[in-house]
1. In nanometres, what is the gap between the two model label sites at A:Lys158 and A:Val332, each 7 Å from Cα along Cα-to-Cβ?
2. Can you compute the equivalent ellipsoid semi-axes for segment A:1-135, i.e. the square root of 5 times each eigenvalue of the Cα gyration tensor, sorted largest first and rounded to whole Å?
3. Could you give the semi-axes, largest first, of the ellipsoid that matches segment A:536-610, computed as the square roots of 5 times the alpha carbon gyration tensor eigenvalues and rounded to whole Å?
4. May I ask you to work out the translational diffusion coefficient for segment A:500-555 at 10 °C, viscosity 1.306 mPa s, via Stokes-Einstein with Rh from the Kirkwood sum over Cα pairs, reported in whole µm²/s?
5. Would you mind calculating the gained length between A:Ile226 and A:Lys753 on full extension (0.36 nm times residue separation, minus the Cα-Cα distance), in nm to one decimal?
6. Hand me the trypsin sites (Lys or Arg not before Pro) from segment A:546-596 located in a DSSP loop with no more than 11 other Cβ atoms within 10 Å, in residue order please.
7. Would you please name the trypsin sites (Lys or Arg not before Pro) within segment A:211-285 that are DSSP coil residues with at most 15 other C-beta atoms within 10 Å of their C-beta?
8. If one takes the longest principal axis of the Cα atoms in chain A, at what angle in degrees, from 0 to 90 and to the nearest 10, does the Cα axis of helix A:695-705 lie?
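No value in this document is a laboratory result; all are computed from the given coordinates. None of the values given here were measured: they were computed from a predicted structure. Positions of Cβ are backbone-derived with ideal geometry, glycine not excepted, and every protein chain shown enters the neighbour counts.
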Amino acid sequence: MSIKYNPQKIEKKWQNFWEKKGFYRAQNPAPSQKRLGPKFYILVEFPYPSGDGLHVGHVRSYTALDAVARKKRMQGFNVLYPMGWDAFGLPAENYAIKTGIHPSITVKKNIANFKRQMKSLGLSFDWEREINTTDPKYYKWTQWIFLQLFKNGLAYKKKMPINWCPSCKIGLANEEVVDGECERCGAQATIKEKEQWMLKITKYADRLIKDLDKVNYLEKIKAQQINWIGKSFGTEVDFKLEKTDKKITVFTTRIDTIFGATAVVISPENPLVQEITKKEKETEVKRYIKQSKQKSEFERINLEKTGVFTGAYCINPLNNEKVPIWVGDYVVAAYGGGAVMMVPAHDARDYQFAKKYELAIKEVVSGGDIKKEAFTDYGALINSGEFDGLSSEKAIKIITQWLEQKKLGRKTIQYKLRDWVFSRQHYWGEPIPIIHCKKCGQVPVLEKDLPVKLPFVKKYQPTGTGESPLAAISSWIKVKCPKCKGPAKRETDTMPNWAGSSWYFMRYLDPKNDKKITDPKKLKYWIPVDWYNGGMEHTTLHLLYSRFWYKFLYDIKVVPQSEPYAKRTSHGIILAQDSRKMSKSWGNVINPDDIIKQYGADSLRLYEMFMGPFDQMIAWDTKGIIGVRRFLDRFWNLVLSCINNKKSNKEIQSAFNKLIKKITEDLDNAKFNTAVAAFMEFSNLVSSNQDKTGKDVIEKLLILFAPFASHITEELWSLSGFKKSVHLQKWPVYNPKLIKEEKITLVIQINGKVRDKIEVAVDISENKAKEIALSQEKIKKWIADKKIKKVVFIKNKLINIVV
RNA sequence: GCCGCGGUGGUGGAAUGGCAUACACGGGGGACUUAAAAUCCCCUGGCCGAAAGGCCAUGUGGGUUCGACUCCCACCCGCGGCACCA
């Protein structure tokens, strides 16, 4: 064995070679390129280029899908596998506050590092299409989409509670609030009302659920999205206020229990509170509302349910009973109108509330023991007048119809999904392209004036008023109103992190187009993304947001389909060796650079695919990577010792054809771990049959293995004397004839237990098999003088003799 | 509480109705070496047995089936998501 496997020596060489040759550039369709082959668009989530560099979790997703991309190219597909940078975000801004270094400089540095790391892994990204969300040429189009949303009435401003740190005097993003405290200074975070830009995602709630039928996402992803949107069918009922024409409308999914409603409870935020509260109760109610405003989210949810009587009453439309109206902060303001009917006998929360305030508990559905606890199941109605005896299911239908006829209620659908809070009071984000004019109101920036560039500032410190740092740059703020040319002011809020990533997959198709967001022809050719992989944590935010934007773009005829991603998978996170999360503070972070340096990129790639099922969480184990490296060493020697042999024998050929089948299928099904295991298994077979394995199989084996270990295969391929890259070879196709066995091992069972195995010709008949089986010494012993009751024969698998 | 996923050797895991424990790690033994590392070869679920062989074992308890890790029912445990959503 003359040459030794030395990844450090060969990997860089081939990475440079591939880059120079431009193998991985996707071809856009043009009239002259008729024979491009079918397209295949593979997308992995682009990273936020943090100062910490690439995480082994990124590597897991990128290398697995890199293997898929490489295989698809070899199968003749025109593959697009792009990469870019989701570079707006708080860490860069916080770093700027600390050091005064502009975020764009930090980001540039981090991107260079990420890119170097990705290249050192031998990933086949098409770097010609690299995008960066903080590039004005990119965010011009993010702003453009916002303008379309605004013009179509889907972007609006509304007073919303935001997290506020009274010590830093700054609005906090949800992720900056840890256990109710400000992440920076540890002060108790409070709530502050502020005007916020909102996007009307709720308008798309139903379609976002329904269209999941059209796509191939992992079931758990679909389930989580459906859950998050939270569609529920129910009834709205109007409770007339006593002695007025006003009414309170409540939402319920259990209209069958309305005869048991002993109070109506409205949330403290409900504007009706002021209107209805009786004089004598005013101080008490005001005090209560003030108190609940000071409560943290945690307190509101976990402490005892509380409330206060307003002194007012309304009328239950079913039985005309007088029902007291209470204010309670356990009622969610933003859901179902912020008002509920309280049915203590049949709702656990209402039961608790009623016990505390000694309100009546009236049983109207039989089946439980309401002295002990609320009965929340369906049952037969009692104490419900003309509806007595009906089942809950029927009563829900009939009572709703009754209400509809009398115009006192209606069937309705509620969603848990809320509109998307789209404003951030931060510097490092896309400026929202709106101009405020005293005369004309909110005026969109003219499209020809896009992008609204983020101005350079000297101070990134928060302003203390809750406005973004942009509010301090008067020269930037002062503009002419595009409509009336009068003096006006720019919007100073910026967009959230999620903005740039909500449409980035479109820009890869046409990254340099400055006339259009993307050429429609290219959209038509490439979209949908054929396979999108990313983290489970993005299911309910990024994935949903981007589907929403895409559907909107479809509605305004910018894109040709209504769903952007045909298939979505998710990789499990990689924990540290100690099974905790990798974190700098724990000191258990694995840096891909170190692994590559020590074991080579191919070992890292292969290990991350081999470590366990792709979608499952798993702990890092450095022992495992040593095992993979050992395998590569053996593989190297094996190839070199067999590559000049003549022809493989039947057994090897048959095993190899099975391997082709397995690898092809496993890659399509994201079963990377078993694919790698199959390579190991086949190598073990070759290892003990070296003289029977020839170049016919070895050459194809290199091709088959190239998507996984892209460097070692390229080196061995070239050592074998080939000039053209292994990655430009055709993907092997298995020969069904060679896969078919001539002989099989037939399992003989007695009463379902394996007692013997025999080698027989394939497709042996039942009678023949039975004859042979019964003649086996071992089997004779088991049967002895017992009577054979039944014989089950499964062709080419087993024969089971029941005695 | 609701939704989803999972529970298999000492460890990561394989097998979705038909040979349980592939592949790898770790462990044990041997070869090579003055020695060690590396490498190579053999063994490695538990129990009984000298061996042949047998019995037991896929979270627990039932069921369906000639046959169950796999399907059905009930339960226990772990993980992830949502959660005062009426």
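1. 1.4 nm
2. 30, 22, 13
3. For segment A:536-610, the ellipsoid semi-axes come out as 38, 16, 10 Å.
4. Estimated diffusion coefficient is 130 µm²/s.
5. So the chain would gain 185.2 nm between A:Ile226 and A:Lys753.
6. Passing sites in segment A:546-596 are A:Lys557, A:Arg580, A:Lys584.
7. Taking segment A:211-285 and a limit of 15 other Cβ atoms within 10 Å, the loop trypsin sites (Lys or Arg not before Pro) found are A:Lys243, A:Lys246, A:Lys278.
8. 10 degrees
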